[in-house]
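For reference, the structure discussed in these notes is given below.
The values are calculated or read from the model by the stated rules, or taken from the named source; none is laboratory data. Treat the numbers as computed from the prediction; the structure is a model and nothing was measured. Cβ placement follows ideal geometry from the backbone for every residue including glycine, while neighbour counts extend to all protein chains displayed.
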Amino acid sequence: MSQITVSGNRINYLEGDVTDPGRPTVLMIHGAGQRAATWKRQLELLKNHPKYNMIIPDLPGHGASEGEGSRDVAGYAVFIEELAAALGLGDVIPVGHSMGGGVAMVYALDHPEKVIGSVLVGTGARMRVAGETLKAVKNNYELFCDAAPSRMIAPGSPDEIRKEFREGLLDTSPEVCYWDLVACDEFDLMDRVREIKSPACIISADQDILTPPKYGEHLRDSIIGSSYNLIKGSGHFMMLEQPLEFNRILAGFLMSLGS
């Protein structure tokens with residue numbers, strides 16, 4: 001992984017074979033308690049893309065990045081802008097999963113001059129987290145890490161994905177994960193999401209119980225000109241569970257932006 005200092009913290013990130021500030025950048029943002037490895041099945045598609053750069057950071061306090069994380073989604077959107085500025089990036093296509101989708105939407109609203117399109121994955125304009133989940137993270141993090149994969153990943157998906165997801169949680173401190181989930185619970189763009197004017201590709205999964213398809217359908221109905229895609233046979237981590245279908249959708253959207 002590459003490294004750069006942002007606001008005094010060493011940030012680790014994956015990048016493509018070429019990072020040209022003159023090209024748009026696909027900037028992929030992972031969800032609560034996770035890390036850049038969320039997007040490992042998309043590396044082959046994007047690392048040597050002829051038209052787009054690829055940047056995939058570990059958010060502050062996640063994975064191998066320093067920092068304490070943020071206590072709200074807006075704080076992570078500020079970090080994304082600081083990272084883009086530090087890397088000298090121009091136009092950006094944020095690709096966000098779950099909490100990262102919220103970050104992508106806030107970033108698109110705050111920087112419409114930079115965002116030429118967004119990919120919103122397993123996310124919604126409002127995301128609630130059960131009080132029992134917050135208590136479990138705060139009081140018995142290891143038990144939460146053991147139980148969460150069965151809720152996040154579809155029953156028919158490989159066990160290896162559940163293992164990797166659990167490892168991602170354990171690689172994040174309980175405090176950072178807790179505040180990530182609080183940030184999700186307090187996130188609410190219901191009154192503003194219609195203000196997003198750049199093209200949006202919305203991806204939901206039929207077995208996602210955290211952000212079910214109705215969340216994506218609401219985004220589709222709210223963002224003018226957006227496209228909606230439903231991946232079957234997948235839970236919340238569709239980019240890992242159904243990577244071929246996910247990559248087909250992502251590649252098609254990027255091609256549409258470049259046409």
I'd like the residue in segment 107-149 that is of a type in the set (Val, Ile, Thr) and assigned to a loop (DSSP other than H, G, I, E, B) and, out of all such residues, is nearest to THR211 (Cα to Cα). THR123
Residue that is surrounded by the most Cβ atoms within 10 Å (Cβ to Cβ), among those in segment 103-145 that are hydrophobic (A, V, I, L, M, F, W, C) and more than 30 Å from ASN53 (Cβ to Cβ): VAL137
Are there helices (runs of 4 or more DSSP H) fully within segment 153-259 with at least 1 residues that are within 15 Å of VAL121 (Cα to Cα)? List them. 174-186, 213-222, 238-241, 243-258
Return the pairs, sorted by first residue and then second, in which the second residue is of a type in the set (Lys, Arg), the first residue lies in segment 208-224 and is under 17 Å from SER198 (Cα atoms), the beta carbons are less than 8 Å apart, and the residues are 6+ apart or on different chains. SER222/ARG194; ILE223/ARG194; ILE224/ARG194; ILE224/LYS197
Mind checking whether some residue in segment 92-104 is more than 16 Å from the chain's Cα centre (by Cα), under 21 Å from SER2 (Cβ atoms) and either modelled with pLDDT under 95 or in a helix (DSSP H, G or I) (or both)? no
ILE29 fails exactly one of (1) under 26 Å from ALA251 (Cβ atoms); (2) touching an Asp or Glu at 6+ places or on another chain (Cβ under 8 Å); (3) among the hydrophobic types (A, V, I, L, M, F, W, C); (4) surrounded by 24 or more Cβ atoms within 10 Å (Cβ to Cβ), namely (2)
For segment 146-182, enumerate the residues that are surrounded by 15 or more Cβ atoms within 10 Å (Cβ to Cβ), over 19 Å from the mean Cα position of the chain (by Cα) and not small (Gly, Ala, Ser). PRO174
ILE223 - would you say it is β-branched (Val, Ile, Thr) and either crowded, with 22+ Cβ neighbours inside 10 Å or within 16 Å of the chain's Cα centre (by Cα) (or both)? yes
State yes or no: is ILE80 within 14 Å of the chain's Cα centre (by Cα), outside any helix (DSSP H, G or I) and either in contact (Cβ under 8 Å) with a residue 12 or more places away in the chain or farther than 16 Å from ASN12 by Cβ (or both)? no
Which condition breaks for LEU43 when tested against (1) out of contact with any strand residue (DSSP E or B) (no Cβ under 9 Å at 6 or more places or on another chain); (2) part of a helix (DSSP H, G or I)? (1)
Within segment 221-238, the count of residues that are within 22 Å of PHE165 (Cβ to Cβ) and charged (D, E, K, R) comes to 1
